[in-house]
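Peer 1: Below is a structure I'd like to ask you about.
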Amino acid sequence: MSMMDPKLSEDIASDACLTFLDRAVPLIERGFEVIPILPKEKRPCGSYGPLSRTRDGATIQSWQEQFPQANVAIVSNDEFCILESDDLAQFAQLIKNVTGNDLPQTLTACGSSENRPHFFFEQSKLTHNVGNLKVPGLFECRFHNQYVVGPGSVHPNGSIYRFLNDSPVIPIPDWLVSGLVHLAQAQKTERRNPSGSRNLDGKVVEGGRHYELFSALGKQWNGEREFEELLEWARAWNEHNCEPPMEDSRVVNDVRDIMKLTPHVPGPKVVLGSPGAGQPTEQPAEPTQPKETWSSMSVNELALMDIPDRNAIVCENGAVLFYEASINQILAWRGVGKTNFGLGLADAIAGGGQLLDFKTDKPRQVLYVDGELPLRQLQERVQERVQPHNRSKVQLLNPEMLTPVRGMNLLDPRDFDALRDLVERNRTEVLVLDSQNQLMKGDSNDPEFHEHRQEVLRALRWMGLCVIEMHHTGKSGLQRGISRNDDILDVQIHLKKVADWEAGDGLLFELGYEKVRHAAALTSGYLVTLEDGQWAKRATDEVKAAAELFQEGKTEREVARALKCSNGKAHKLRNQAMKAGLLKPTIALGVTGAG
């Protein structure tokens, strides 16, 4: 693409002393909606995110009074979208290769480098059905509620954002949208995790079927094939690749929709990020699925492998609770305190500290994904439960932080990919998901739901994460859904309701374990309270009763008979009584006989 010689727009001066009003008015006159962002930064002022965008004069004047030296940002809306390139030369060549066209001339701006321009386009019917697109290091297409720093603003390095031309804003061509979708899908395919839109057999599952068929159809549509011919191909693709196949009506609609678009002529293949990106290589017209070859190993071979140890993240009285690369769950009745307990664990893990008898190995990066609480209430909870010196290591994600605000569903490949990218950017080590029914949409009584959920959790474990998932019990005290819920879990902690406890009585629950895969000697059956911000353990009435009987000199068999429990349970009660300080070990040693 040939860029015009850079020059400042007559509307905006290249003066770092401009006010917010000076920067905003010329953009509003062009029809853009704007928000204020911090001086010499790219972050919004206060709480004025993309959804606050406006052209209203009174609001602009109010922002001028609040933030007189603020930068200005242009926000994509129903009228305008923004295409931002991180490497114009490579991006232009790739668009040429996949569409056969040069980038069109439209109103264009830049910040510190002309090789990273912002192209402004009018929205089209097609763009309203396409989400925001991104290929890291190449481009970002901001179709909905995203922004770029506007001309007249000051870059963090001191340079001035400016218009590179004074061209009119043109409608974005359909061929360009198709090319952008193709590049984004190609990059996503190279990075896709098996837990995304495909099952372990390689079949496309619900949530990814429409997207993948539409992408495959785009490669088949050359502008010459007849409707019936293309429909026959699409039906065969659907039957062979989707599990279960989509309804025929949806396949027919996809074929009709793809034939409305500019034909896709990909030309030679370009490998994103390769040293010779932009240089064509041969590509077969009909790519085939490579055959998989599996290999086994003998026990001797496995025994000789140098497999790194799994590091323990949290231990209880010397026994391992949570490992790196593990999947764990905290189970509780609503309102009992699982979120408070989860935030307390997050605080301890982030600071390398301790909660009750749970000791962490070192400070670690935690991402707490909350799908339940209003953002204001989440703010209150973390201020109470996370100590100030640990807050930088506890990152939070909540639906009200998304733009636009919406629910999250990690069973949707797009949401899973977004979470994975966030985990990588934050260098997350411990991931808390609160809770299953809010972050994974589906019927927990359906085996297919748990198959998909387990693929997602398994993929997170393969990333090395210690995952802690929150889950609810029903009125019966048992977990919601079928028992397949806990098949994949390493540890399941149960925060049990205490008899006669009611909502409003304060935080009080009995902590127990339903599953411990690594057979650790973890302590259960004690009460947990939170009073004046301090976590504390209390013995249950059963432990207290057992301690009194042991102090009277009763044997474990006699205690079991008196409490109507097994001998093994009586042995555990004796240990719990000693750990609670209700029974001295010297007393217990004299009464351990079988009677």
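Peer 1: How large is the helix-only mean residue ellipticity at 222 nm for the chain, computed as the sum of -39500 (n - 2.57) over DSSP H runs with n ≥ 4, divided by its residue count, in deg cm²/dmol to the nearest 500?
Peer 2: Counting only the DSSP helices, I get -10000 deg cm²/dmol.
Peer 1: Whole-Hz ³J(HN,Hα) for each residue in the range 86-98, computed from phi via Karplus 6.51 cos²θ - 1.76 cosθ + 1.60 with θ = phi - 60°, x for glycine and proline: what do you get?
Peer 2: Each residue's phi maps through the Karplus curve to give 8, 8, 4, 4, 5, 4, 4, 5, 5, 4, 4, 5, 8 Hz.
Peer 1: I'd like the Karplus ³J(HN,Hα) series for the range 63-77: coefficients 6.51, -1.76, 1.60, θ = phi - 60°, whole numbers in Hz, and an x wherever there's a Gly or Pro.
Peer 2: Computed from phi, the couplings for the range 63-77 are 5, 4, 5, 6, 9, x, 9, 5, 6, 10, 10, 9, 10, 5, 9 Hz.
Peer 1: Amide H neighbours of THR54 under 5 Å, counting only residues 5+ apart in sequence or on other chains, H built in-plane at 1.01 Å?
Peer 2: VAL34
Peer 1: Something else about it: Pull up the DSSP beta bridges for the chain and report the antiparallel fraction as a percent, rounded to 5.
Peer 2: 65
Peer 1: Just list whichever of LYS496/LYS579; LYS359/LYS544; LYS42/LYS362; LYS359/LYS584; LYS96/LYS203 have alpha carbons separated by over 22 Å in the model shown.
Peer 2: Where the Cα-Cα span goes over 22 Å, the pairs concerned are LYS359/LYS544; LYS42/LYS362; LYS359/LYS584; LYS96/LYS203.
Peer 1: Among (i) 1.28; (ii) 1.06; (iii) 1.02, only one was calculated for this model; which label is it, if the read-out is Rg/Rh (Cα atoms, Kirkwood Rh)?
Peer 2: So the structure-derived entry is (ii).
Peer 1: Report, in whole Å, the centroid distance computed from the Cα atoms of the range 520-578 and the range 96-175.
Peer 2: Here the answer is 67 Å between Cα centres.
Taken together, the values in this text are just the output of simple stated rules run on the coordinates, not laboratory data. As the structure is a prediction and not an experimental result, all values here were calculated from the model.
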